[in-house]
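The values are calculated or read from the model by the stated rules, or taken from the named source; none is laboratory data. Source: prediction; values computed, not measured. Here the Cβ is made from the backbone with ideal geometry for all residues, glycine too, and neighbour counts use every protein chain on show.
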Amino acid sequence: MHIVEPDQTPTVVYRQATLLGITAGLRSMMPGALLAWSSDSATQKTKNILAVLAIGEIIGDKLPFTPSRLQKGSLTGRLVAGAVAGAILCRRHQLPVIQGAWRGAVGAALGSVAGYSYRLITSDLTGVSDLVWALLEDGTAFLLGANATGLIQPVDDATQA
């Protein structure tokens, strides 16, 4: 059994696979960690290792010598991470993994370009340190991925009234 409900419609699951891809475009190690933490079949050791890798990437992203996510190797890694995450999510829901992989890879491409552009433009336009925008990007990646994996649920205003 997983935290993500197995009876979700294919449209919802495919949307979640795309969100995991976008997450991979922002932080490539985060989707794997979130998928592990949303699964009761992953061992605690696996969950911990993937969490450490995701946190390591968050730290490494802030270092001045970190290469652009749009460089060939970095982008390829993000596309693969997005594809694998989308495939795993679809497999959980007994949907075609190729559809999940495709959506995850497309999401990763979108997330990579959007994240790069966002960081480049916001610092230049606002004069606010890139570190601030990078931290905001970290939070956005976590929230997108955690929502896609079912670790957090969006607030439904109708049920809060």
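Would region 32-39 turn up any residue that is in a helix (DSSP H, G or I) and free of Cβ contacts under 8 Å to residues at least 12 places away in the same chain? Please lay out each step first, then the result.
In the first step, residues of region 32-39 are kept if they are in a helix (DSSP H, G or I); the result is 32-37.
With the extra rule that they be free of Cβ contacts under 8 Å to residues at least 12 places away in the same chain, the set shrinks to none.
No, because not a single residue in region 32-39 is in a helix (DSSP H, G or I) and free of Cβ contacts under 8 Å to residues at least 12 places away in the same chain.
Quick check: anything in region 86-102 surrounded by 19 or more Cβ atoms within 10 Å (Cβ to Cβ), touching a residue at least 60 places away in the same chain (Cβ under 8 Å) and within 14 Å of G25 (Cβ to Cβ)?
yes
Pick from I22, I49, I58: which is of a type outside the set (G, A, S), part of a helix (DSSP H, G or I), under 22 Å from W133 (Cα atoms) and over 10 Å from the mean Cα position of the chain (by Cα)?
I58
How many residues are modelled with pLDDT under 95 and either exposed (fewer than 10 other Cβ atoms within 10 Å of the Cβ) or of a type outside the set (D, E) (or both) when one looks only at region 1-19?
8
Every residue in region 139-158 that is at pLDDT 95 or above and more than 16 Å from L20 (Cβ to Cβ), please.
Selection gives G139 alone.
Which of the residues spanning region 40-71 are in contact (Cβ under 8 Å) with a residue 40 or more places away in the chain and of a type outside the set (K, R)?
I58, D61, S68, L70
Can you tell me which residue within region 20-69, out of those that are surrounded by fewer than 24 Cβ atoms within 10 Å (Cβ to Cβ) and in contact with a Ser or Thr (Cβ under 8 Å, 6 or more places away or on another chain), is nearest to V113 (Cα to Cα)?
That would be R69.
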